[in-house]
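Worksheet for the structure shown next.
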Amino acid sequence: MQRGHLMLLLGTLPGALGILVGCATAPSDAETSAKATAMLKASFKESGQAKLDRLDQDETQKACSVGAGKAPPKDVVERIEKVNLATIQWPADGKFLGDWKNGEKIAQTGQGMQYSDDPKVPSGANCYACHQLAPAELSYGTIGPSLYQFGKARGYGVDIQKYVYGKVYNAEAYSACSNMPRFGHNRILTEQQIKDVVALLMDSASPVNK
Amino acid sequence: MRAVFPGVARCAAWVLALAAPVVFGQGSTVDEIAKYRAALQDGNPAELWEARGEDLWKKPRGPKSVSLEKCDLGLGAGLVKGAYAQLPKYFADADRVMDLETRLVWCMVQSQGYTEADAARNPFGGPNRKSDMEALVAYVAAEARGVKMNVALNHPKEQEAYRLGEKMFYFRGGPHDFACMTCHGDDNKRIRLQDLPNLTKPEGAQLAYTTWPAYRVSQGELRTFQWRLNDCFRQQRFPELVFASDASIALTMFLARNANGAAFNAPAIKR
């Protein structure tokens, strides 16, 4: 009986030592991540439409929360793209092109999803924050590539229309850890709004293609 | 005082000029904005906040009616000169890493007798709602102008705050999948026409951190670094960052430490 207790004690000793050693050295990356997540949850408060569940990361967000210049391993990248591709809901009518004039309005506005925004007003996509599109707009950002003459350079075919629809719907399906929001997947834009943005890039009459 | 207002009038003229139909090309748009920024440097209304902050620092206030002149900002009781350039840091009396705002709240509670809720009640001013905190921060920050950033990572809690702040910088979340890194992880990027410092590199962190707090012309307010972080997270579509929370201090620690070696140069003036 006593010996049994002793065995048990000895058995736990290496584990206890491991914990002690762990305390003396820098914590592991996983420990720091867990602690950072707990700290975040205690440091934010809900405000307007922005509730605390926005701090709950999905698989993609977690895998992409890596340091500057780093990317997840190849198998993780492939998995992210596969999982996200499966989320895309293609238009039931099989049409991808909406109205480029509405698309331009959606590209210009960044309203939506901030706690200071009115949730009843439709969201924009704020494309110009990161991309050059129509040449008349000089106030464009450079986080994403220039999309000026996007359709003209690639052709206006249905395959490319479909690609643009999918990319706007869920950019992670084509480029894991992209900086671009998943506008369809996260219900930022409606199906019709995405079609309108596709038209801004893919309608030959759009100023983007002039 | 007199120097302040011609500068404001001139920048108002620039705002009008920029609002007029733009007929020049992209390169010259950026040049014109650089000129606008240069014009702003002449006469900074932040001086008004600095002066009010100095009064608040020296005036007996709170239930105990004492001034903050015995407050230890890390260099010893009452020493203000250069204190901002070595914050955040670990304070043994509070057993916590603190940035300036958190430390001011601590001193207001400990020596002046305010409740913590009262001390932290109005961190960011608005129209007809002046913030004493913004004024105090402006005063203390101005007293570090020209001092080299020198944030230490000696205490284990300082090291931990830095590591947690770094994690937070890369944390993607919310409906837009944004992290700090989305906009501040690469060189030479812009949102619209706004240049974005790469905060993962010393040069970017130095440029950004040493120019906050700042008087924001578009808001008519002096804004602190706590405000800067709070408003970044609003635009990230996160919930609201709590003033003086652990996460706000950890992220400040990460950015302030990355700015080490550069001369502090605030309160600045920004669009």
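Assuming A:Ala153 fulfils every condition listed in (1) within 14 Å of chain B (Cβ to nearest Cβ); (2) surrounded by fewer than 20 Cβ atoms within 10 Å (Cβ to Cβ) apart from one, which condition is it?
(1)
Keeping to the range B:112-126, report how many residues are more than 18 Å from B:Ala214 (Cα to Cα), among the aromatic types (Phe, Trp, Tyr) and in contact with a strand residue (DSSP E or B) (Cβ under 8 Å, 6 or more places away or on another chain).
The number of residues fulfilling the criteria is 0.
Is it the case that B:Phe238 is over 27 Å from B:Cys107 (Cβ atoms) and either more than 7 Å from chain A (Cβ to nearest Cβ) or buried (at least 23 other Cβ atoms within 10 Å of the Cβ) (or both)?
When the stated conditions are applied, B:Phe238 passes them.
So which pairs qualify, if the first residue must be in the range B:213-228 and surrounded by fewer than 23 Cβ atoms within 10 Å (Cβ to Cβ), the second must be in a strand (DSSP E or B), the Cβ gap must be under 6 Å, and the two must be at least 6 apart or on different chains?
Every condition considered, the pairs that remain are B:Arg216/B:Arg223; B:Arg216/B:Lys270.
When you look at B:Arg271, is it at pLDDT 95 or above and touching a strand residue (DSSP E or B) at 6+ places or on another chain (Cβ under 8 Å), yes or no? Outline the logic, then answer.
Details: at pLDDT 95 or above: no; touching a strand residue (DSSP E or B) at 6+ places or on another chain (Cβ under 8 Å): yes.
No; evaluated as a whole, the condition is false for this residue.
Polar (S, T, N, Q), part of a loop (DSSP other than H, G, I, E, B), over 25 Å from B:Asn198 (Cα atoms) and at the interface with chain B (Cβ under 9 Å from one of its Cβ atoms): does that describe A:Ser116? So that I can check it myself, show each step before the final result.
Numbers: polar (S, T, N, Q): yes; part of a loop (DSSP other than H, G, I, E, B): yes; over 25 Å from B:Asn198 (Cα atoms): yes; at the interface with chain B (Cβ under 9 Å from one of its Cβ atoms): yes.
Judged against the criteria, A:Ser116 is a match.
Yes or no: A:Glu46 more than 7 Å from every other protein chain (Cβ to nearest Cβ) and surrounded by fewer than 19 Cβ atoms within 10 Å (Cβ to Cβ)?
Taking the combined requirement at face value, the residue does not satisfy it.
Any residue in the range B:154-162 that is surrounded by fewer than 22 Cβ atoms within 10 Å (Cβ to Cβ), more than 11 Å from chain A (Cβ to nearest Cβ), of a type outside the set (D, E, K, R) and within 30 Å of B:Gly62 (Cβ to Cβ)?
yes
Taking the stated definitions as given, is A:Leu97 farther than 27 Å from B:Phe171 by Cα, within 13 Å of chain B (Cβ to nearest Cβ) and in contact with a helix residue (DSSP H, G or I) (Cβ under 8 Å, 6 or more places away or on another chain)?
Spelling it out, it is not the case that A:Leu97 is farther than 27 Å from B:Phe171 by Cα, within 13 Å of chain B (Cβ to nearest Cβ) and in contact with a helix residue (DSSP H, G or I) (Cβ under 8 Å, 6 or more places away or on another chain).
Anything in the range A:119-178 that is over 29 Å from A:Gln61 (Cα atoms) and basic (Lys, Arg)? List them, or say none.
Passing the criteria: A:Lys152, A:Arg154.
So is B:Leu196 touching a helix residue (DSSP H, G or I) at 6+ places or on another chain (Cβ under 6 Å) and within 14 Å of chain A (Cβ to nearest Cβ) or not?
So B:Leu196 passes the test.
For the range A:135-210, give me every one of the helices (runs of 4 or more DSSP H) that falls completely inside it and has 2 or more residues that are in contact with a Ser or Thr (Cβ under 6 Å, 6 or more places away or on another chain).
Fully inside the range A:135-210 and qualifying: nothing.
Can you name the residue in the range A:30-40 that is within 9 Å of chain B (Cβ to nearest Cβ) and not hydroxyl-bearing (Ser, Thr, Tyr) and is also nearest to B:His176 (Cα to Cα) among such residues? Break it down into steps so the answer makes sense when it comes.
Just the residues of the range A:30-40 that are within 9 Å of chain B (Cβ to nearest Cβ), to begin with: A:32-33, A:35-37, A:39-40.
Those still in the list that are not hydroxyl-bearing (Ser, Thr, Tyr) too: A:35-36, A:39-40.
Working: A:Lys35: 23, A:Ala36: 20, A:Met39: 21, A:Leu40: 17 Å.
If we take residues in the range A:30-40 being within 9 Å of chain B (Cβ to nearest Cβ) and not hydroxyl-bearing (Ser, Thr, Tyr), then A:Leu40 is nearest to B:His176 (Cα to Cα).
Taking the range B:84-111, which residues are in contact with a Cys (Cβ under 9 Å, 6 or more places away or on another chain) and polar (S, T, N, Q)?
B:Gln110, B:Ser111
If you scan the range B:241-258, which residues turn out to be within 7 Å of chain A (Cβ to nearest Cβ) and not charged (D, E, K, R)? Quick ask: steps written out before the conclusion?
Initial filter on the range B:241-258 (within 7 Å of chain A (Cβ to nearest Cβ)): B:241-242, B:245-248, B:250.
B:Leu241, B:Val242, B:Ser245, B:Ala247, B:Ser248, B:Ala250 - these are the residues of the range B:241-258 that are within 7 Å of chain A (Cβ to nearest Cβ) and not charged (D, E, K, R).
Within the range A:73-92, is even one residue at pLDDT 90 or above, within 14 Å of chain B (Cβ to nearest Cβ) and part of a loop (DSSP other than H, G, I, E, B)?
Checked against the condition, which is being at pLDDT 90 or above, within 14 Å of chain B (Cβ to nearest Cβ) and part of a loop (DSSP other than H, G, I, E, B), the range A:73-92 yields at least one hit.
Of the residues that sit in the range A:49-68 and are at the interface with chain B (Cβ under 7 Å from one of its Cβ atoms), in a loop (DSSP other than H, G, I, E, B) and modelled with pLDDT of 95 or more, which one is surrounded by the most Cβ atoms within 10 Å (Cβ to Cβ)?
Here the residue is A:Cys64.
May I ask you to list pairs of residues, at least six apart or on different chains, whose Cβ atoms are under 7 Å apart, with the first in the range B:140-169 being in contact (Cβ under 8 Å) with a residue 40 or more places away in the chain and the second being aromatic (Phe, Trp, Tyr) and assigned to a strand (DSSP E or B)?
Close Cβ pairs satisfying both conditions: B:His155/B:Tyr90; B:Lys157/B:Tyr90; B:Glu158/B:Tyr90.
Looking at (1) within 10 Å of chain A (Cβ to nearest Cβ); (2) surrounded by fewer than 19 Cβ atoms within 10 Å (Cβ to Cβ); (3) part of a helix (DSSP H, G or I), find the lone condition where B:Leu207 falls short.
Failed condition: (1).
Note down all Cβ pairs under 7 Å where the first residue falls in the range A:165-182 and is without any contact (Cβ under 8 Å) to a residue 60 or more places away in the chain and more than 11 Å from chain B (Cβ to nearest Cβ), the second is among the β-branched types (Val, Ile, Thr) and surrounded by 24 or more Cβ atoms within 10 Å (Cβ to Cβ), and they're at least six residues apart or on different chains.
That search, which allows pairs on different chains as well, returns A:Val168/A:Ile194; A:Val168/A:Val197; A:Val168/A:Val198.
Looking at the range A:89-104 only, could you name the residues that are surrounded by fewer than 17 Cβ atoms within 10 Å (Cβ to Cβ) and either of a type in the set (A, V, I, L, M) or under 27 Å from B:His184 (Cα atoms) (or both)?
Across the range A:89-104, the qualifying residue is only A:Ala92.
How many residues are without any contact (Cβ under 8 Å) to a residue 24 or more places away in the chain and touching a Leu at 6+ places or on another chain (Cβ under 9 Å) if we restrict to the range B:68-106?
Count: 2.
The values are calculated or read from the model by the stated rules, or taken from the named source; none is laboratory data. What you are looking at is a predicted structure, and each value in this text was computed from that prediction instead of being measured. Glycine gets a Cβ as well: all are built from the backbone with ideal geometry, and neighbour counts include every protein chain shown.
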